[in-house]
Amino acid sequence: MPSLEAVCGRLFGKPGWVPKALVGGLLSFVPFLNLLALGFLMEYGHRLRSRGTWELPDWREVNLPELLTEGFRGFVLLLGYIGIPLLAGWLVSGMIDILTFGLLGIVSFFPLAATGFVAPFLFLSSLNAYLRDGIFSDCWQLRPIIANAKNLWPKMALPIIAFWGILLLALPLYGFSFFIGTWVLIAYSTTLQFSD
């Protein structure tokens, strides 16, 4: 089983990743163009899965219409497995806070924190289901996705906590932190899933 340190060493040890990540991070700030950045990460996942290529592809060698298509698929996965659970957790937390007249303080936001922790496992599990055979409908078979997420959690818990921590600490630079953090999570989860 590969370690997170080994995966990060392979990702960040290769020359030329900085300009590619800068372009992806800059695109992540711009609405609609952020679909290109997300599609780029999806394309990276496909290449890592099928060819074992650890390097980010060159932006000049990718097909922009395909990146938009993949980016839209990635956005739908983010919305379904991260956006909706976070919204539900926020609503439940808000209701608990209102019903307890704020007496619980930060404890009332436990449902939001729990969904924030669980949602990335579901997203990565669904993404790996898509990478397995390229069939997008496989991403929505909830039983295998949840079972796979349960298998991922012992190995991915620390990287996901680190992802949220870096994303929140570097909030003004969220485009870069999201792009690089998602790149690492995709590489590590893909390696865990397909190294057996």
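The values are calculated or read from the model by the stated rules, or taken from the named source; none is laboratory data. Quick caveat, the model's predicted, so the values are computed rather than measured. Reconstructed Cβ throughout: ideal geometry from the backbone, glycine too, with neighbour counts over all protein chains shown. Side chains included, ligands, DNA and RNA excluded: accessible areas come from the protein's heavy atoms. Shrake-Rupley method; radii C 1.70, N 1.55, O 1.52, S 1.80 Å.
If I take R0 = 45 Å and measure r between the Cβ atoms of residue 23 and residue 101 in this structure, what FRET efficiency does the formula 1/(1 + (r/R0)^6) give, to the nearest 0.05?
Details: r = 49 Å, r/R0 = 1.08.
Calculated transfer efficiency: 0.40.
Over the alpha-carbon set of region 17-58, divide Rg by the Kirkwood Rh and report the Rg/Rh ratio to two decimals. Write down the numbers at each step before the final one.
On the way: Rg = 10.5 Å, Rh = 10.5 Å.
Taking Rg over the Kirkwood Rh, I get 1.00.
I need the phi-derived Karplus couplings for region 149-165: 6.51 cos²θ - 1.76 cosθ + 1.60, θ = phi - 60°, integer Hz, Gly and Pro marked x.
The phi angles translate into 4, 4, 5, 6, 4, x, 8, 9, 4, 5, x, 6, 4, 5, 4, 5, x Hz.
Work out how far the C-alpha atoms of the chain reach from end to end along every principal axis, then list the three figures in whole Å, largest first.
So the three principal-axis extents are 56, 36, 32 Å.
Apply the Karplus parameterisation 6.51 cos²θ - 1.76 cosθ + 1.60, with θ equal to phi minus 60°, to every residue of region 116-127 and state each ³J(HN,Hα) to the nearest whole Hz, in sequence, with x for glycine and proline.
Each residue of region 116-127 in turn: x, 7, 7, 4, x, 4, 5, 4, 5, 5, 5, 4 Hz.
With a Förster radius of 35 Å, plug the Cβ-Cβ distance of residue 5 and residue 174 into 1/(1 + (r/R0)^6) and report the FRET value to the nearest 0.05. All intermediate terms of the calculation are to be shown ahead of the outcome.
Values: r = 25 Å, r/R0 = 0.71.
FRET efficiency, residue 5 to residue 174: 0.90.
Could you tell me the relative contact order of region 48-120? Use alpha-carbon pairs under 8 Å, at least six residues apart, and round to a whole percent. Before the final figure, lay out each step's value.
Working: 39 pairs, mean separation 21.5, N = 73.
Once normalised by length, the contact order is 29 percent.
For residue 140 and residue 113, what does the FRET efficiency come to when R0 = 25 Å and r is the distance between their Cβ atoms, rounded to the nearest 0.05? Can you show the working numbers first?
Details: r = 26 Å, r/R0 = 1.02.
That gives a FRET efficiency of 0.45.
Averaged per residue, what accessible surface does the chain expose to a 1.4 Å probe, in Å²? Could the numbers behind the result be given before it?
Numbers: 10470 Å² over 196 residues.
Per residue, the chain has 53 Å² of solvent-accessible surface.
Report, to the nearest 10°, how far helix 34-51 tilts away from the longest principal axis of the Cα atoms in the chain, using its own Cα long axis and a range of 0 to 90°.
60 degrees
At most 15 other Cβ atoms within 10 Å and a DSSP loop assignment: could you name the chymotrypsin sites (Phe, Trp or Tyr not before Pro) in region 22-67 that fit? Can you show the working numbers first?
Numbers: sites: 29, 32, 40, 44, 54, 59; in loops: 32, 54.
Here the sparse-neighbourhood loop sites are 32.
Using a 1.4 Å probe over the heavy atoms of the protein chains, calculate the carbon and sulfur portion of the accessible area of the chain as a whole percent. Mind dumping the intermediate values first?
On the way: 7640 of 10470 Å².
Carbon and sulfur atoms account for 73 percent of the accessible area of the chain.
Sequence gap at least 6, Cα distance under 8 Å: using those rules, report the relative contact order of region 117-196 to the nearest whole percent. If you can, show how the numbers build up before the last one.
Working: 50 pairs, mean separation 24.9, N = 80.
Relative contact order, region 117-196: 31 percent.
Given springs between every Cα pair under 10 Å in a Gaussian network model of the chain, which of 156, 95, 42 has the largest fluctuation?
95
Within region 27-61, which residues have the backbone N less than 17 Å from the label spot 7 Å out from residue 133 along Cα→beta-carbon, could you tell me?
Taking a point 7 Å out along Cα→Cβ of residue 133, the residues of region 27-61 whose backbone N falls under 17 Å are 50.
Pull out a ≥ b ≥ c, the square roots of the eigenvalues of the alpha-carbon gyration tensor of region 26-85, then state rounded if a/c is under 1.5, prolate if not and a/b is larger than b/c, and oblate in the remaining case. Walk me through the numbers on the way to the answer.
Values: a/c = 2.15, a/b = 1.36, b/c = 1.57.
Taking the square roots of the gyration eigenvalues as a ≥ b ≥ c, region 26-85 is oblate.
Distance between Cα centroids, region 65-103 to region 171-196: provide it in whole Å.
19 Å
How large is the charge dipole for the chain, taken about the Cα centre, if only the Cβ atoms of Lys, Arg (+1) and Asp, Glu (-1) carry charge, to the nearest 20 debye? Don't skip to the end; give the middle numbers.
Working: 12 positive and 11 negative charges, 48 e Å.
I would put it at about 220 debye.
List, in order, the whole-Hz ³J(HN,Hα) value for each residue of region 179-192 obtained from phi through the Karplus relation with A = 6.51, B = -1.76, C = 1.60 and θ = phi - 60°; use x for Gly and Pro.
3J(HN,Hα) across region 179-192, in whole Hz: 5, 5, x, 5, 4, 5, 4, 5, 5, 5, 5, 5, 5, 5.
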